[in-house]
Amino acid sequence: VKERGRADFRFYQRQMNLGLLTRMKLDHAMREGLREQRFHLHYQPQVDLNSATLLGVEALIRWHDPELGEVPPGQFIPIAEETGLIVAIGNWVLDSAAAQASQWRRDGYRFTTAVNVSAYQFQQADFVERVADTLQRHQLPGEALELELTETFLIRDATEALRKLDALSALKVRMAIDDFGTGYSSLSYLKRFPIHKLKIDRSFIHDVPGDEGAEGIVQAIINMAQALHLQVTAEGVETEAQRAFLSRAGCTQYQGYLFARPTAASDLAPMLPSPAQR
Ligand code: C2E
Ligand code: CA
Ligand code: CA
Ligand code: CA
């Protein structure tokens, strides 16, 4: 048992060192990636659940490193959040998405572009100023931009969060709560805060129809959103059965592989509304 324990410990220690090495390596590669412009954005359509009309897109970061290959955001974003590099990455995302949104605007389209914002990025003292400056530089009206925040954004200081959300609201920027249903925070903020949309986490969508618990949660979120006059988007819709369930449940928008995977802006063209509908 003693031998075994020692071997396990050595194994564990090696894992930990590997973890640290990976983190340092990724951090270094990300910094280089920012300098060398190795990040780019994909966009995933958000469509009307019944007519499949495009209502908006979500910008999702992609990173191709010459050595590491394609690194998924689920892997590098948490590390960037630990090291603080998420602020520089987040600023890059905001600026690139705003540039693209502005181009779509000039082409006559009126859909919104959503950008993911990390809690740490939102907590920066100059976050609102940064957004205002980005809108101005790209001559983008605030209502063309949606910010996706998870519920953790108000864990630290709800008063400060409210102040920022009010300021963003004054810029006409729209706010969505991402991964809704997975956070811990009090629901009372939904009524107090200027929030426009709830995005139902895809872990719940995955289990409908069929799983009574998931069905109940999804229905409850939709009902609550309706009562509070919030929009509601279902995330991760992959099947027609899920879409049909959501339609019956009163959900009006979805995002998911059933309609389209995230793609480069140039590949989005065929999915954009026709000029007559702009
Ligand atoms: P998220 O914000 O919840 O983004 C949705 C994720 O679900 C995306 O993964 C998207 O590709 C994936 N997805 C969309 N439809 C489906 C579907 O039908 N089925 C399944 N299985 N998945 C679907 P992705 O692009 O790998 O991003 C993962 C997470 O990384 C995002 O989750 C978000 O938390 C984070 N992330 C991505 N881009 C950014 C960014 O620019 N800034 C920040 N702060 N975080 C980002
Ligand atoms: Ca998101
Ligand atoms: Ca999400
Ligand atoms: Ca997420």
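The values are calculated or read from the model by the stated rules, or taken from the named source; none is laboratory data. All values derive from a computational prediction rather than experimental measurement. Here the Cβ positions follow ideal geometry from the backbone for every residue, glycine too, while neighbour counts run over all protein chains shown. Side chains are part of the model used for accessible areas, which takes the heavy atoms of the whole protein and leaves out ligands, DNA and RNA. Shrake-Rupley method; radii C 1.70, N 1.55, O 1.52, S 1.80 Å.
Ignoring everything except DSSP H segments at least 4 long, calculate the 222 nm mean residue ellipticity for the chain; use -39,500 (n - 2.57) per segment, divide by total residues, nearest 500. List each step's numbers first, then the result.
Values: 11 runs with 133 residues, N = 278.
Using -39500 (n - 2.57) per qualifying helix, the result is -15000 deg cm²/dmol.
Taking a straight line from the alpha carbon of Lys172, these lysines sit under 27 Å away, with near neighbours fewer than eight places off in the same chain left out: Lys164, Lys191, Lys197, Lys199.
Taken as Cα centroids, segment 146-166 and segment 225-242 sit 22 Å apart, rounded to the nearest whole angstrom.
Please report the carbon-and-sulfur percent of the accessible area for segment 49-132; probe 1.4 Å, protein heavy atoms only, DNA, RNA and ligands left out. Looking at segment 49-132 in its full context, I get 50 percent from C and S.
Kindly provide the Kirkwood hydrodynamic radius of segment 89-188 in Å, to one decimal, from all pairs of distinct alpha carbon atoms.
Numbers: mean 1/r = 0.0719 Å⁻¹.
For segment 89-188, the Kirkwood estimate is 13.9 Å.
Compared with the alpha-carbon gap, the fully stretched path from Ala241 to Ala99 is longer by 47.5 nm at 0.36 nm per residue. For the chain, the mean projected area of the C-alpha convex hull, equal to one quarter of the hull surface, is 18.0 nm². Per residue, the solvent-accessible area of the chain (1.4 Å probe, heavy atoms of protein chains only, all protein chains present) comes to 52 Å².
Applying 1/(1 + (r/R0)^6) with R0 = 30 Å to the Cβ-Cβ distance of Ala220 and Ser51 gives a FRET efficiency near 0.75.
Go ahead and run the numbers for FRET between Arg106 and Met24, Cβ-Cβ distance against an R0 of 51 Å, rounding to 0.05.
Numbers: r = 42 Å, r/R0 = 0.83.
The pair Arg106/Met24 has a calculated efficiency of 0.75.
On alpha carbon coordinates alone, what is the Rg over Rh value for segment 208-278, Rh being the Kirkwood radius?
Working: Rg = 14.4 Å, Rh = 13.7 Å.
A ratio of 1.05.
Were the residues from Arg248 through Ala167 laid out at 0.36 nm apart, the gain over their Cα-Cα distance would be 25.5 nm.
Is segment 64-139 rounded, prolate or oblate when judged by the Cα gyration tensor, a ≥ b ≥ c being the square roots of its eigenvalues, rounded requiring a/c under 1.5 and prolate requiring a/b larger than b/c? Judged from the Cα gyration tensor, segment 64-139 comes out oblate (a/c at least 1.5, b/c at or above a/b).
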